[in-house]
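The values are calculated or read from the model by the stated rules, or taken from the named source; none is laboratory data. Fair warning: this is a prediction, and the values are worked out from it, not measured in the lab. Cβ coordinates were reconstructed from backbone atoms using ideal geometry, including for glycine residues, and neighbour counts include every protein chain displayed. Heads up: the accessible areas ignore ligands, DNA and RNA and are worked out on the full protein's heavy atoms, side chains in. Shrake-Rupley method; radii C 1.70, N 1.55, O 1.52, S 1.80 Å.
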Amino acid sequence: MSGGSGTVCVIGLGYVGLPTAAVIANRGIEVVGVDTDDDVVEELGRGETHIVEPDLHILVRSAIASGNLTIRAKPVEADVFVIAVPTPFTGRRTADLKHLEAAARDLAPVLKSGDLVVLESTSPVGTTEKLAAWLAGERADLSFPGDGGGTCDVHVAHSPERVLPGRVLLELVGNERVIGGLTPACGEKAKAFYAAFVKGGCHVTDARTAELVKLAENAYRDTNIAFANEMANVCEELGIDVWSLVELANRHPRVDILRPGPGVGGHCIAVDPWFIVQSAPESTPLIKTARDVNDGMPARVVRRIRAALGEQPGGPVACLGLAYKADIDDLRESPALDVIRLLAAETPAPMLVVEPNIDSLPGGLVPRNATLCALDDALDAANIVVLLTDHNEFRSLERERLAGKTVIDTRGIWR
Ligand code: SAJ
C-alpha cells in the first residue's frame, strides 16, 4: 500500500468500517469489505446502505460501481487488514472481545508474510497484544510481533477510530490519528498505510499508549458532561437556571462547561470509560463517579415528569426524541429510551414518542404504553411535553405550539 499498490480487507462494515472501506476504495485502491451479517452483505450488494450518515450512500455506491469495493462474508487475501468490529461491554462492565477474537480467527488463514493488520475498534489496554497472540496461535508458520524475534512476518498495530457520528466522512479524512505499533516498524508501516487517505497528522506511538489515548478521550468528555449534569442538578435544587449559569460561567477565559442533558448515550462515551476502570479499578474513582452521575440523569428527568403528572394525572406525555443525540437515528444506550422505560414502570399514562429519524419503535426496547407519533399529533394531544433529543425539527418549532403546556426541556433549546 505504501507504494501506492496493494489491496485492503476491511473487517466489520459498521459505522466506521463501511465509511473507511468506501473512502479507501474511492482513492482507487482495491478493497474487500467483510461482514458476518448476511443481511448487511446482501443489502450492500444491492447498493443499499444500512447506516444513516450524510453522503455515505453516495460514496458506497460509487465505490461499488467502480469495482474497487466488493463485499464478502469472509476475509480474502490482502496486504492490509483493517479490523473495525464492535467491542461492546458485558453486564459486568468489562469489554466483550468475542467479535474481535472471531475476526482474528477468520482472517488468520489468509495472512501471508509482509501483511499489516490494524485494529481500529476501541479496546482496553493490552488488546492489540492479544490480537497478535490470537493470530500467532492460528499461524505457527508466520512470525508475529511479540514472538521474541527482532523482525516479524506480519505487522500489527492499533489506530483507534475517532470519528463523530454525523460527521464521519469529514472526520475520517481530516482528523489527526494516533497509531500504536506493537513494534516501531509496525507503527511506521501503519502510518504509511493511513497516509494514503488521511489528511490529518498521523502520530506514531506504542500500541498500549494508543489504546489508552482513545479511552482517555472519551472518558474526558464523559467527565466533563458529568460536571455539566451535576451543575444542572445543583441548579434544580437551588432554583437557578442552569443555562444562564453555563452561559455566564463560560464568559471566563479558562472555563468551558459543556451542555447538561438527560444523560449520555451512544456506544462510545457511555461505554469506553469502563474499559479504563476495568484495567485500573483502584485508580479511577473520578471516571466511575462521572459514569454514575450521567447514568443517574434519566431518573431525574422522570422525577420531573412525575411531578407534572401529579397535576395532570393520566397524561398523555409527549416525548420528543429517542436518538442518543441530535439529527441521527442511533438509539444505542440512548438516555431518552431510559427515560421512557423508567416512566413506564411508574405510570400507565400514554407516551407519544416523536422521533423523526425512525419509521417504527424498536420491538422489545420500548414499553407498551409508548407509541410513535407525528410531532403535530403529539402536541395536539399532550399537555406535558418532554424534550429529550435536540433534533432540528424540534429546534425550529413555533413556540406558540407550546403555549399553556408543561414543558420539560432537558436540552435547553427552547429558552
Ligand atoms: N452530550 C451532552 N452534553 C454535551 C455533549 C454531549 O449531554 O455537551 C451527550 C450527547 O447528547 C450524547 C453523548 O453525550 O448523548 C455523546 O455524544 P458526543 O457527540 O459527545 O459523542 P459520540 O458518542 O457521538 O462520539 C464520541 C466522540 N468522542 C469525543 O468527542 C471525545 C467521537 O470522536 C468518537 O469517535 C466516538 O465517541 C467513538 O466512537 O468513540
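What to note about this one:
- In this structure, the amide hydrogen of Phe89, modeled 1.01 Å from its nitrogen in the peptide plane, lies closer than 5 angstrom to those of Asp96, counting only residues at least 5 positions away or on a different chain.
- Solvent-accessible area per residue, Å², over the chain with all protein chains present [probe radius 1.4 Å]: 44
- Amide H contacts of Leu387: Leu320, Ile408, Asp409, Thr410, each under 5 Å away and 5 or more positions distant or on a separate chain (H built 1.01 Å from N in the peptide plane; Pro and chain starts excluded).
- Karplus-based coupling profile of the range 276-292, in residue order and whole Hz: 6, 4, 4, 7, 9, x, 6, 9, 10, x, 5, 5, 5, 5, 4, 4, 5, with θ = phi - 60° in 6.51 cos²θ - 1.76 cosθ + 1.60 and x standing for Gly or Pro.
- Taking all C-alpha pairs of the chain, those more than 29 Å from each other amount to 50 percent.
- Rounded Å value of the spacing that divides the Cα centres of the range 83-138 and the range 248-268: 34
- Rolling a 1.4 Å probe over the protein heavy atoms leaves Asp96 with an accessible area of roughly 30 Å².
- Computed packing ranks the peptides 377-386, 260-269, 241-250 as 260-269, 377-386, 241-250, most packed first, by mean other Cβ atoms within 10 Å.
- Relative contact order of the chain, pairs being alpha-carbon contacts under 8 Å that are 6 or more residues apart, as %: 11
- Taking amide H positions as modeled 1.01 Å from N, with prolines and chain starts lacking one, the residues under 5 Å from Ala370 and 5 or more places away or on another chain are Met351.
- GNM top mover of Asp338, Asp141, Asp329 - the chain, alpha-carbon springs below 10 Å: Asp141
- Using the Karplus relation 6.51 cos²θ - 1.76 cosθ + 1.60 with θ = phi - 60°, the per-residue 3J(HN,Hα) values for the range 263-268 come to x, 10, x, x, 8, 10 Hz, with x marking Gly and Pro.
- Antiparallel bridge percentage (DSSP; both residues within the range 115-216; nearest 5): 20
- Bridge type composition, the chain - antiparallel percent by DSSP, nearest 5: 5
- The share of accessible area on the chain that comes from carbon and sulfur is 52 percent, using a 1.4 angstrom probe.
- Dipole of the range 93-192 computed with +1 at Lys/Arg Cβ and -1 at Asp/Glu Cβ about the Cα centre; of Ala157, Ala104, Ile179, farthest Cα towards the positive end is Ile179.
- Between Arg415 and Thr151, the FRET efficiency from the beta-carbon distance, with R0 = 51 Å, is close to 0.25.
- Across the range 7-215, Cα-Cα pairs more than 23 Å apart make up 40 percent of the total.
- Summary value for the range 7-215: 18 percent relative contact order, contacts being C-alpha pairs under 8 angstrom separated by 6+ residues.
- The calculated P(r) of the range 167-275, using every Cα pair and 10 Å bins from 0, goes 13, 29, 29, 18, 9, 2 in percent.
- Modelled spin labels at Ala73 and Leu248, positioned 7 Å past Cα toward Cβ, are 6.3 nm from each other.
- For the range 7-215, DSSP calls about 10 percent of its internal beta bridges antiparallel.
- Expressed in units of 2.2 N^0.38 Å, where N is the residue count, the Cα radius of gyration of the range 89-161 is 1.12.
- Percentage of interatomic Cα-Cα distances in the range 225-344 larger than 26 Å: 29
- Seen against the Cα atoms of the chain and their longest principal axis, helix 56-65 is set at about 30 degrees.
- Contact order relative to length of the range 262-415, as percent, for alpha carbon pairs under 8 angstrom and 6 or more apart: 26
- Taking the C-alpha atoms of the range 119-159, convex hull volume expressed per residue in Å³: 71
- Packing around the peptides 347-353, 305-311, taken as the average count of other Cβ atoms within 10 Å per residue, puts them in this order, highest first: 347-353, 305-311.
- Theoretical ellipticity at 222 nm over the chain - DSSP helices of four or more residues, -39500 (n - 2.57) apiece, nearest 500: -12000 deg cm²/dmol
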